[in-house]
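These notes are about the structure you will find just below.
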Amino acid sequence: MLKVLIIEDDLMIADMLEEVLRANNYSVCGIATTVAEAVTLILREKPDLAIIDLRLADGGLGTDIVRQIVDKRDMGILYATGNAASVVLTSANGHACISKPYSETSLLRALNLVTEIMTTSTASPPFPKGFKVLTSSQPERSLNG
């Protein structure tokens, strides 16, 4: 059972995510709403996967979390954002990004894809709507499609 950390400042969304994940055989090791809480939980819980909202309660960015984690190779990182048009991310930030709103099915498929990227360095289509694999060659600016 994979351990997932939810990093989301909207507690209604975080609670929904927790419910969906637990119902689909994931172990939720915590919910963080700020960069500091997220870093503390990552270091303590060592999650397999993290779902990271880009804009957090403390005014911080989800990417600030990743910059503070020294050994992030063993943690799959899926960003979630409602502001897809302004997203500029590469594989240095994480593995993938999905735009909000997303369905339960899309979220679960996105987590499977992140796990696949971690184990094989590739992701096999089909991709859910609004999902992008982060690459090192050029930043992702659009999440449509």
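The values are calculated or read from the model by the stated rules, or taken from the named source; none is laboratory data. Keep in mind that what you see is a predicted model, and the values were worked out from it rather than measured. Cβ atoms come from the backbone with ideal geometry, glycine included; neighbour counts cover every protein chain shown.
Picking from Val35, Val39, Val66, which residue would you name as being within 11 Å of the chain's Cα centre (by Cα), of a type in the set (A, V, I, L, M, F, W, C) and farther than 19 Å from Pro128 by Cα? Among Val35, Val39, Val66, only Val66 is within 11 Å of the chain's Cα centre (by Cα), of a type in the set (A, V, I, L, M, F, W, C) and farther than 19 Å from Pro128 by Cα.
May I ask you to list the residues in the range 11-37 that are in a helix (DSSP H, G or I) and small (Gly, Ala, Ser)? Ala14, Ala23, Ala36 - these are the residues of the range 11-37 that are in a helix (DSSP H, G or I) and small (Gly, Ala, Ser). Could you tell me how many of the residues in the range 7-53 are without any contact (Cβ under 8 Å) to a residue 24 or more places away in the chain and touching a helix residue (DSSP H, G or I) at 6+ places or on another chain (Cβ under 6 Å)? Here the count works out to 0.
Which numbered condition in (1) under 13 Å from the mean Cα position of the chain (by Cα); (2) at pLDDT below 95; (3) farther than 18 Å from Leu113 by Cβ is the only one that Ser86 fails? Ser86 satisfies every listed condition except (1). Just one residue in the set Arg109, Arg44 is loosely packed, with under 15 Cβ neighbours inside 10 Å and among the basic types (Lys, Arg); that residue is Arg44.
Residues being hydroxyl-bearing (Ser, Thr, Tyr) and in contact with a Ser or Thr (Cβ under 9 Å, 6 or more places away or on another chain): count how many of those fall in the range 97-118. Steps first, please.
Quick first cut of the range 97-118, residues hydroxyl-bearing (Ser, Thr, Tyr) only: 99, 102-103, 105-106, 115.
With in contact with a Ser or Thr (Cβ under 9 Å, 6 or more places away or on another chain) added as a condition, the list becomes 99.
Residues that pass the stated criteria total 1.
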